[in-house]
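Please read the structure below before turning to the comments.
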Amino acid sequence: MATRKKAAARPGFNESAKDIWLAGLGAVNIVGEEGSRMFSELVEKGREWEEANEGGRFARITERAQGFTEDAKGVLSKVITPIEDGLSATMQRLGVPTRAEIVQLTHRVEELTRMVQQTRKVAKAKAEAQPRPRAKAKAAPKAKAVAKPKPKAETTVNS
């Protein structure tokens, strides 16, 4: 905050800021007026240059680059094929399954999963179709036998 007050307090600062702003607006205006004209000129220059070089230097460079690309693809396939074959043989010796084997196994697992789901649906349908046995009514619990009090032996009192 203190720096703003100091900057605003300097003489001529506001005029300089306004001049910078006006210069920016002027630049935008010039670009708007001259931009489309300049773009058209650049397109025309590019067209002229392309026509002058058609069948010339750039065409030859492009053809050579395409030739190099084809050569590189050929060399690359000659190098990659033996490496892939060796790697494949090594993985097979180690017992690592191939992509084709994994895909085949995946299909088999999906098939078995469908069969299990189908079996579950059939078993569930059968279970729902069968009447459920009624639960037997529980017999009332037997009353526990209460022990009868034993008669007390009479004792005679002699007086």
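Structure above, values below:
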| item | result |
| --- | --- |
| Prolate/oblate/rounded call for segment 26-134, Cα gyration tensor, a/c under 1.5 rounded | oblate |
| Full-stretch length increase - PHE39, GLN117 - with 0.36 nm per residue and alpha-carbon distance subtracted | 21.3 nm |
| Reachable aspartates and glutamates, given that their alpha-carbon falls under 16 Å from the alpha-carbon of LYS126 and they are not under 8 places away in the same chain | none |
| Where GluC sites (Glu not before Pro) fall in DSSP loop in segment 30-125, at most 10 other Cβ within 10 Å | GLU54 |
| Two-site label geometry, ILE102 and ASP19: point separation in nm, points 7 Å out along Cα→Cβ | 7.1 nm |
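Laboratory data are not the source of any read-out in this text; all were calculated from the coordinates shown. It should be emphasised that the depicted structure is a prediction, and the values quoted were computed from it without experimental measurement. Cβ: placed from backbone, ideal geometry, glycine included. Neighbour counts: every protein chain shown.
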